[in-house]
Amino acid sequence: MIVAEHLTKRFGQKQAVSDVSFTVAPGKVTGFLGPNGAGKSTTMRMIVGLDRPTSGSVSIDGRSYSSLRSPLTEVGVLLDAKAVHTGRSAVNHLRSMAATHGIRRSRVDEVIEITGLTSVARKRAGGFSLGMGQRLGIAAALLGDPHTLILDEPVNGLDPEGVMWVRRFVRHAASEGRAVLLSSHLMSEMALTADHLIILGRGRVLADAPLADIVEQWTTKSVRVRSPRAREIAEAAASDTVSVTSRGNGYLDINGATAAEIGELAAARSLPLHELTPTTGTLEDAYLKLTGDQVEYKTKEVR
């Protein structure tokens, strides 16, 4: 379990993280989201002692990372896949890490196989593609078979098979009772992977809740309707609390009424329905609404 309590970090006049508190529970994949500059990487670095908090504290199973006697066997970390001696082969890089903790060589072979690096294990890491470098970073995080995993953008550069593998792996790790903290900018992938979300904006916690609750709270439900008499349905359904948007070709999007209510309204007026589909917002919709005014580096809209 990771517990952060009132974490604050300043770099000169810049406050990167401000009074951040959260818990990453075992048995769940906790997604860590936020725009660029939101403080995610700084927070992750404070968890593993690479940055010292200006104030506040963070612990892993009740202890600071610096006090862990065997860090690799307790916490697996991927923060920068490029943090490897480019002249070493993948296997030698992992063996050198294993030697610092007395981890058996056979475990190196195991993580190489798990991460799909067998065919390039004896090649120099400096020649790896971005995706293969990510796989090596994940292999290093798994080396000590830790009960806590902290993975920053682990699917960056991976092909579809690799992305699916990471998804299945972190879900399996959580099912074994491990605590998993996972950051990514891929909303569609996070929606398939995470159980719980922590969302930062400008160094503060904007949301800390189960994924389903965040989507429920920050998106609007609607009903997609298709009918050859769509105009009549729109006129009958519209009110002060119900909005109707015509999409053409007999399609309507209706907000503020349930599918059952619309179905009953149509039946009472003998109006035919060819489609009546409740729709919900996506994680991307919820994320953009939550962080809309928290983006530090905004791009200019292209017209």
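Read-outs: derived from the displayed coordinates by stated rules, not from any lab. All of these numbers come straight from a predicted model, not from anything done at the bench. Virtual Cβ from ideal backbone geometry, glycine too; neighbours counted across all protein chains shown.
Residue-wise HN-Hα couplings along segment 134-145, as the Karplus relation 6.51 cos²θ - 1.76 cosθ + 1.60 with θ = phi - 60° gives them from phi, are 5, 4, 5, x, 5, 4, 5, 5, 8, 3, x, 6 Hz; Gly and Pro carry x. Annotation: the residues LEU290, LEU68, sorted from fewest to most other C-beta atoms within 10 Å of their own C-beta, follow the order LEU68, LEU290. Basic side chains Lys and Arg get +1 at the Cβ, acidic Asp and Glu get -1 at the Cβ, and with that the dipole of segment 220-279 about its Cα centre reaches some 200 debye.
Which net charge results for the neighbourhood of ASP208, defined as the other residues with beta-carbon distances under 14 angstrom from its beta-carbon, given Lys and Arg at +1 and Asp and Glu at -1? Spell out each step's value before the answer.
Details: positive: LYS28, LYS40, ARG204; negative: GLU5, ASP19, ASP195, ASP213.
Combined, the nearby Lys, Arg, Asp and Glu give -1.
Legend: ranking of residues THR43, THR220, THR30 from fewest to most surrounding C-beta atoms inside 10 Å; resulting order THR220, THR30, THR43. Between the beta carbons of GLU264 and ASP213, assuming R0 = 25 Å, the FRET efficiency works out to 0.30 to the nearest 0.05. Only beta bridges with both residues in the chain are counted; by DSSP, about 65 percent of them are antiparallel. The 3J(HN,Hα) values that the Karplus relation (6.51, -1.76, 1.60; θ = phi - 60°) gives for segment 101-112 are, in residue order, 10, x, 7, 5, 5, 4, 5, 4, 4, 5, 6, 5 Hz. Gly and Pro appear as x. Once you list every other residue whose beta carbon is under 14 Å from the beta carbon of ALA286, what net charge do they have if Lys and Arg are +1 and Asp and Glu are -1? Here the count lands on -3. Segment 261-292 and segment 167-235 have Cα centres spaced 17 Å apart.
Cα axis of helix 90-99 to longest principal axis of the chain: angle in degrees, 0 to 90, nearest 10? Around 70 degrees separate the two axes. Please compute the net charge surrounding VAL242, taking Lys and Arg as +1 and Asp and Glu as -1 over other residues with Cβ under 14 Å from its Cβ. Local charge sum for VAL242: -4. Think of it as helices only: each DSSP H run of n ≥ 4 in the chain is worth -39500 (n - 2.57), and spread over all residues that comes to -9500 deg cm²/dmol at 222 nm.
Only lysine pairs 8 or more places apart, or on different chains, with alpha-carbon atoms under 24 angstrom apart are counted in the chain, and they number 13. Here the translational diffusion coefficient of segment 2-210 follows from Stokes-Einstein with Rh set to the Kirkwood radius across Cα pairs; for 25 °C and 0.890 mPa s it amounts to 141 µm²/s. Working from label points 7 Å from Cα in the Cα-to-Cβ sense, the ALA83 to GLU113 distance is 2.8 nm. Our coupling estimate for segment 253-270, obtained by passing each phi through the Karplus curve with A = 6.51, B = -1.76, C = 1.60 and θ = phi - 60°, is 10, 10, 10, x, 9, 7, 4, 4, 5, 5, x, 5, 4, 5, 5, 5, 9, 6 Hz, Gly and Pro reported as x. For segment 2-210, the Cβ-based charge dipole about the Cα centre amounts to some 620 debye (Lys, Arg positive; Asp, Glu negative; other atoms uncharged).
Residue ranges 140-149, 92-101 sort as 140-149, 92-101 when ordered by packing (mean number of other C-beta atoms within 10 Å per residue, highest first).
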